[in-house]
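The values are calculated or read from the model by the stated rules, or taken from the named source; none is laboratory data. Just so you know, these numbers come straight off a predicted model, no measurement behind them. Glycine also receives a Cβ, built like all others from the backbone with ideal geometry; neighbour counts cover every protein chain displayed.
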Amino acid sequence: MGTPIQHFFTSTDCLLALPMIMLALFGMGVLIIDLMLPAEWKRANAWTALVGLGFSAAAVYKIQVADRIAEAHGQGGSFVGFAGSLVLDRFAIYFFYLFLAGAAIAILMSVKYLEIEREQHGEFYALVLFSVVGMMCMASGYDIVLLFIGLELMAISTYVLVGFLRRSQRSNEAALKYLLLGAFSSGIFAYGLSLFYGLSGSTNVGQIARTLEEHFRTNPKDPIAILALLTTATGLLFKIAAVPFHQWAPDAYEGAPTSVTGYMSVAVKAAGWAMLLRIFLYMLYPLRSIYVPMIIFVSLATLTAGNLAALTQSNLKRLLAYSSIAHVGYMLLGLVAGNNENASSTGIKGIMVYLLVYTFMNLGAFAVITSLRRRDIIGDEIDDIAGLMFKAPTEAILMLVFLLSLAGIPPLAGFWGKYYIFLSLIESGHYALAAVAVLFAVLGLYYYLRIANAMLMRPAESAEPVAMSPGLRLALAITALGTVAIGIFPEIFLRAAAWSLSVPQASAVLGLLK
Amino acid sequence: MPEPPQSSNGNFFVTLARYSQLAFVLPAATFVGWIIGVLLDRWLHTTWLYLAGLIVGIIAGFVELIRTVVKNEGKDE
């Protein structure tokens, strides 16, 4: 209405959206180039996608540099774009790097695997890039509409990736289950968001938080606000596969192509966490007295169900699916501790560290499982990994490192994730929760050792060598290096996690989070 | 694709008891090792035996856990 276009779209907006624009352009580029490539050259699409991820990372770095300059001038380190609907703070930048690393490793794992499955198509890589765009919207969105669009962009890309093995019945079934349950949860989530919009009259996260705080002071037991909280939380907990909204995870993880399973268990989950933290800590912070008991219940249920179900699995992907549910339980405990008013934000820092180390160690474990897939062997049962030590000692030793790290044995990366969560629980006085979590950690050790036992002590069932490729080797090298380096030199990474939470919130947000 | 449900109800609790025992093996061994170390420290007026006891306890816990894994896995075959 007579407003100049500059009011809607400035050069700052352009800079802030650059990482996403890069990925979207390269994603479409992959689709076009794919049409021109002969069948035996299809793997070149992976390189295009990796270059796109590299450009996107460079754009994120550019924003990080701008943040450093702004800090030198004494300004807060968060940029607001698109009239307040996009906030690129350090929290978002940290997650951007995490998504890009997860996607790059997953692409490296996929090249050979897709060839063995005879499904080497450019769409695969384009969908991975598009899903990262969605994740970035989820991590940096400061408007519930943008958050929701990001969520759907990521989810729809992932549904297709899960069902990418068209000729495999398991893959199709998994995709359909994931699609149906995911659609329900998105619907419930959208319902919750619409109630918050109704309560506050705004779609901006900060504005909703301000209105909720006032609303809650005058009307502390408003049933509408509680209903909105419950439905929103349901949608968020579904995305990170917390009990009782976890049933989709084992089926989807088992049926999906192994590299996609790895990708889903780290990057997609991290995106869910980014959105969950953004909503719980920024938007719903005024309601924390209501949601903390709920999170305690959910985290205990998640730990119990995830760990007990993992004990009896004979399929590697299913076992790791349940173990990834259990890991979500530990991270939720960090949210419980981080919400205690007397405690520092050790709990939230613990979640950030946990997500980082989990990316490396879990993708590494899935990279080893990917190498077990041969022409006529599906290779995801515990029996298939038996005797790996005699066939491929390097892979077996790396797998052992990843498993011990997942179990949380020092001096590997996984230890620091658990250490910070437990520390935050003790700092905030949740001694009973810390004790329960330690017991479950030992139980976790048992089922990881089961895999190690099969690998090291049992004879091989088939003499066929594992399917290695340069991409997979690189993925294994990166993940192993990450797992060991974070374990031995945790300082750098802990500082990065602390940095991601060091935004002076008041500049863009309310001063709610201490 | 979904696994057949683990039917027998009586069995479930037996399994649960067996696994919950597993969860306690490592912490219990660690604790017992530490306690023995502390008591020896008091008796012999030393200051480092508690650490040795702690380490012995942790190692004993791990050994027991690994032995259970190997035993259970062997039974399944």
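The criterion of being assigned to a helix (DSSP H, G or I) and within 16 Å of residue A:255 (Cα to Cα) does not hold for residue A:190.
Among the residues of region A:191-246, those that are under 19 Å from residue A:297 (Cβ atoms) and in contact with a Lys or Arg (Cβ under 9 Å, 6 or more places away or on another chain) comprise A:239, A:240, A:241, A:245.
Quick test for you: out of A:252, A:183, pick the one residue that is within 30 Å of residue A:309 (Cβ to Cβ), under 17 Å from the mean Cα position of the chain (by Cα) and of a type in the set (A, V, I, L, M, F, W, C). Result of the check over A:252, A:183: A:252. Only one of the numbered conditions (1) assigned to a loop (DSSP other than H, G, I, E, B); (2) touching a residue at least 24 places away in the same chain (Cβ under 8 Å) is not met by residue A:202, and that is (2).
Screening region B:24-47 for residues that are surrounded by 17 or more Cβ atoms within 10 Å (Cβ to Cβ) and within 14 Å of chain A (Cβ to nearest Cβ) and picking the one that is nearest to the chain's Cα centre (by Cα) gives B:25.
Restricting region A:474-506 to residues that are of a type outside the set (A, V, I, L, M) and closer than 21 Å to residue A:406 by Cβ leaves a set whose member that is surrounded by the fewest Cβ atoms within 10 Å (Cβ to Cβ) is A:489. Residue A:185 - would you say it is touching a residue at least 24 places away in the same chain (Cβ under 8 Å), crowded, with 17+ Cβ neighbours inside 10 Å and within 14 Å of chain B (Cβ to nearest Cβ)? Criteria not met by residue A:185.
Across region A:86-108, not a single residue is classified as over 24 Å from the mean Cα position of the chain (by Cα) and at pLDDT below 95. Within region B:48-63, the residues that satisfy the criterion of being more than 11 Å from chain A (Cβ to nearest Cβ) and either in a helix (DSSP H, G or I) or within 27 Å of residue A:400 (Cα to Cα) (or both) are B:49, B:50, B:51, B:52, B:53, B:54, B:55, B:56, B:57, B:59, B:60, B:63. The single condition among (1) under 30 Å from residue A:468 (Cα atoms); (2) in contact with a His (Cβ under 9 Å, 6 or more places away or on another chain); (3) not polar (S, T, N, Q) that residue A:384 does not meet is (2). Considering region A:376-458, the qualifying helices (runs of 4 or more DSSP H), each wholly inside and each with 3 or more residues that are within 12 Å of chain B (Cβ to nearest Cβ) and not aliphatic (A, V, I, L, M), run over A:431-457.
Restricting A:393, A:410 to those that are surrounded by fewer than 19 Cβ atoms within 10 Å (Cβ to Cβ) and either at pLDDT below 90 or under 19 Å from residue A:325 (Cα atoms) (or both) reduces the list to A:410. With respect to (1) free of Cβ contacts under 8 Å to residues at least 40 places away in the same chain; (2) at the interface with another protein chain (Cβ under 8 Å from one of its Cβ atoms), the lone exception for residue B:68 is condition (1).
Whether a residue is away from every other protein chain (no Cβ under 14 Å) and touching a strand residue (DSSP E or B) at 6+ places or on another chain (Cβ under 6 Å) was assessed, and residue A:131 does not pass this test. Scanning region A:378-418 for residues that are closer than 23 Å to residue A:485 by Cα and without any contact (Cβ under 8 Å) to a residue 12 or more places away in the chain returns A:393, A:394, A:397. Output the number of residues of region A:138-175 satisfying the condition of being among the acidic types (Asp, Glu) and either surrounded by fewer than 21 Cβ atoms within 10 Å (Cβ to Cβ) or part of a loop (DSSP other than H, G, I, E, B) (or both). Adding up the residues that qualify gives 2.
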